[in-house]
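Enquirer: Before I ask anything, here is the structure I am working with.
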Amino acid sequence: QGLDLILSVSKGKIYCLNFNMKLYTVYILECNDSSFYVGITSYLDMRLTEHNSGKDKSAYTFNRRPVILKWFQNFTSPSEAIKLEKQLKGWSRAKKIALINEDWERLIKYSKNQSEFGKPDEASTGSA
């Protein structure tokens, strides 16, 4: 049997990937108008190329190119990936920035009940 596992380290986290498992990646792009786009894919490099090439003229990112990958997370479960994608699309811009910057204190602050604690400083823009 060949090697079917790989270990990688990113931002101090260790990841073990099984090459036989399909990965689903939830990602956040920053568009050239500073808005964010949240998506899901199984082929992140290819999807980024598609966003930046303008493959789909009706896509949110078409007139907002170039786009830059700001954050991503891999999943082996498609349902978990879809759940996170939908959750991120409902987040405020400030909360997405806190996630991108790994600013856990602000992420917690922006996760509190807005009717009790007030809305975050920045509103969300773009596609979510």
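Coordinate-derived values only; no laboratory data. Predicted model only: the values in this text are computed from it and were never measured. Neighbour counts are summed over all protein chains in view; Cβ atoms, including those assigned to glycine, are modelled from backbone coordinates with ideal geometry.
Enquirer: What are the ³J(HN,Hα) values, in whole Hz, obtained from phi via the Karplus relation 6.51 cos²θ - 1.76 cosθ + 1.60 with θ = phi - 60°, for each residue of the range 21-29 in sequence order, with x given for Gly and Pro?
Expert: 9, 7, 9, 10, 10, 9, 9, 10, 10
Enquirer: Follow-up. For the peptides 91-99, 63-71, what is the packing order when you average, over each peptide's residues, the other Cβ atoms within 10 Å and list the highest mean first?
Expert: 91-99, 63-71
Enquirer: Right, next: How would you rank 73-80, 41-48, highest first, on the average number of other Cβ atoms within 10 Å across their residues?
Expert: Averaged packing, sorted descending, gives the order 41-48, 73-80.
Enquirer: log10 I(q)/I(0), Debye, Cα-only the range 43-95, no solvent, q = 0.19, 0.22 Å⁻¹?
Expert: -0.85, -1.05
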